[in-house]
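Take a look at the structure below.
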Amino acid sequence: MSLDCVTAFRDALQGAFGPLEWLPEPDAQLHRFHVPGDRSGSCNGWYVLFPDGLAAGAFGSWKAGAVHHWSSRQPTDPQEAEQVRQRIEQARRQREAEQRRRWAAAESWAARCWQGARRAEAGHPYLVAKGVKPHGLRQRGGELLVPLFHAARLVNLQRIAPDGSKRFLSGGRVTGCYSTLGQVEAGQPLYLCEGWATGATLHEHSGAAVAVALNAGNLLAVGQHLRRRYSEAVLIVAGDDDRQTEAEGKGNPGRDAANRAAVALGCDVVFPSWPAGAPLNLSDFNDLRQWQEVSA
């Protein structure tokens, strides 16, 4: 493979991810790399570059989820077109095998961390700041551990530091995974929300079961799973209302994601009811309860 093709492939990578200070390896093997802007030390990016014949490759990000295909030029005959198709398929198999390996490693680490952790302290700074109880969370050192389940199996952890910063285990599953509070019952509400503190607030206020998706982009995938597993429950999306970003002209990602999920799932959606004077930086049900208690 010529250096021009390698450089052209890097140009494609840079078009998707930003400046990269290295050249791809044209060895038909899957490689991981740090995506500019991602957390330091992470390797969420991946690529495969095939060197022989019509140069072709694929690349993407496990974090963003997008997959891109590349070839040095368009195929000129059916044989070249078939070669590109086979390489796309080979790259897919490599990517999925690596994804399964990453998931398995994170799942094993999650189990060890969870088993070795103690009950979360009610006085943990994050719980105190949010005004909620531990509800079965565990604690490892100064970090709270929020369990994520997929098909009733612990697959990942969200770690919450005393200052409220949050991180998942590297490489662990997130899409379609969730944490629960309370017991799901037929004919009773089952709330679906973004953040754990929001879920704890909803559960403490209503007594209803809550599934926590842990980010807005995961609401629909979790909701689809809940529909299948708890078809007799009354599913309700409890959305965030990002009024501050809306006021800044940046849209309202929390409200938009909640509405999209509710429409796709065919269920109701609720948002915090803001009293007059509620600051714009408040966005979820926990924010509202905390502000009301301080303002009372």
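The values are calculated or read from the model by the stated rules, or taken from the named source; none is laboratory data. Everything numeric here is computed off the predicted structure, so don't read it as measured data. For neighbour counting, all protein chains shown are included, and Cβ atoms are generated from backbone atoms with ideal geometry for every residue, glycine included. Ligands, DNA and RNA are stripped out before the accessible areas are found, and what is left, the full protein with its side chains, is counted by its heavy atoms. Shrake-Rupley method; radii C 1.70, N 1.55, O 1.52, S 1.80 Å.
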- [ ] List every residue whose amide H lies under 5 Å from the amide H of Asn156, counting only residues 5 or more places away in sequence or on a different chain, with H placed 1.01 Å from N in the peptide plane.
- [x] Leu148
- [ ] Report, in degrees rounded to the nearest 10, the 0 to 90 angle that the Cα long axis of helix 285-295 makes with the longest principal axis of the chain.
- [x] 40 degrees
Task: Alpha-carbon centroids, segment 7-29 and segment 238-258: separation in whole Å - done: 35 Å
Task: Potential lengthening between Trp114 and Leu280 on full extension [0.36 nm per residue; Cα-Cα distance subtracted] - done: 56.1 nm
- [ ] Could you go through segment 46-52 in sequence order and give the Karplus-derived ³J(HN,Hα) for each residue, using 6.51 cos²θ - 1.76 cosθ + 1.60 with θ = phi - 60°, rounded to whole Hz, and x for Gly and Pro?
- [x] 8, 7, 9, 10, 8, x, 8
TODO: Starting at the first residue of segment 82-87, write each ³J(HN,Hα) from the Karplus equation 6.51 cos²θ - 1.76 cosθ + 1.60 with θ = phi - 60°, in whole Hz, x for Gly and Pro.
DONE: 5, 4, 5, 4, 5, 5
Task: Residue-level accessible surface for Phe271, protein heavy atoms, 1.4 Å, Å² - done: 40 Å²
- [ ] Just grab the label-to-label distance for Ser42 and Lys133, each label 7 Å out from Cα along the Cβ direction, in nm (one decimal).
- [x] 3.4 nm
Open item on the list: Highest mean first, how do 169-176, 191-198 rank when packing is the count of other Cβ atoms within 10 Å averaged over residues?
Closed with: 191-198, 169-176
Open item on the list: Could you tell me which residue out of Gly187, Gly53, Gln74 lies farthest along the dipole of the chain toward its positive end? Charges go on the beta carbon: Lys and Arg +1, Asp and Glu -1, centred on the Cα centre.
Closed with: Gly187
Open item on the list: Calculate the FRET efficiency for Ala152 and Thr245 from the Cβ-Cβ distance with a Förster distance of 35 Å, rounded to the nearest 0.05.
Closed with: 0.50
- [ ] Please list 75-88, 126-139, 207-220 highest first by mean number of surrounding beta-carbon atoms within 10 Å per residue.
- [x] 207-220, 126-139, 75-88
Open item on the list: Among Ala200, Ala122, Ala221, which residue has its Cα furthest toward the positive end of the charge dipole of the chain, with +1 on Lys/Arg Cβ and -1 on Asp/Glu Cβ?
Closed with: Ala122
Task: Folded to 0 to 90 degrees: helix 253-265 orientation relative to the chain principal axis, Cα - done: 90 degrees
Task: Environment charge of Gly136, counting only residues whose C-beta is closer than 14 Å and scoring Lys/Arg +1, Asp/Glu -1 - done: +2
- [ ] Please say if segment 3-105 is rounded, prolate or oblate, where rounded means a/c under 1.5 for a ≥ b ≥ c the square roots of the C-alpha gyration tensor eigenvalues, and otherwise the choice is prolate for a/b larger than b/c and oblate otherwise?
- [x] oblate
TODO: Give the angle, between 0 and 90 degrees and rounded to the nearest 10, that separates the Cα long axis of helix 3-17 from the longest principal axis of the Cα atoms of the chain.
DONE: 10 degrees
Open item on the list: Given the DSSP H assignment, sum -39500 (n - 2.57) over each helix run of at least 4 residues in the chain and divide by its residue total; what's the result at 222 nm in deg cm²/dmol, nearest 500?
Closed with: -12000 deg cm²/dmol
- [ ] Give the Kirkwood hydrodynamic radius (Å, one decimal) of segment 196-296, defined as one over the mean of 1/r across all pairs of different Cα atoms.
- [x] 14.2 Å
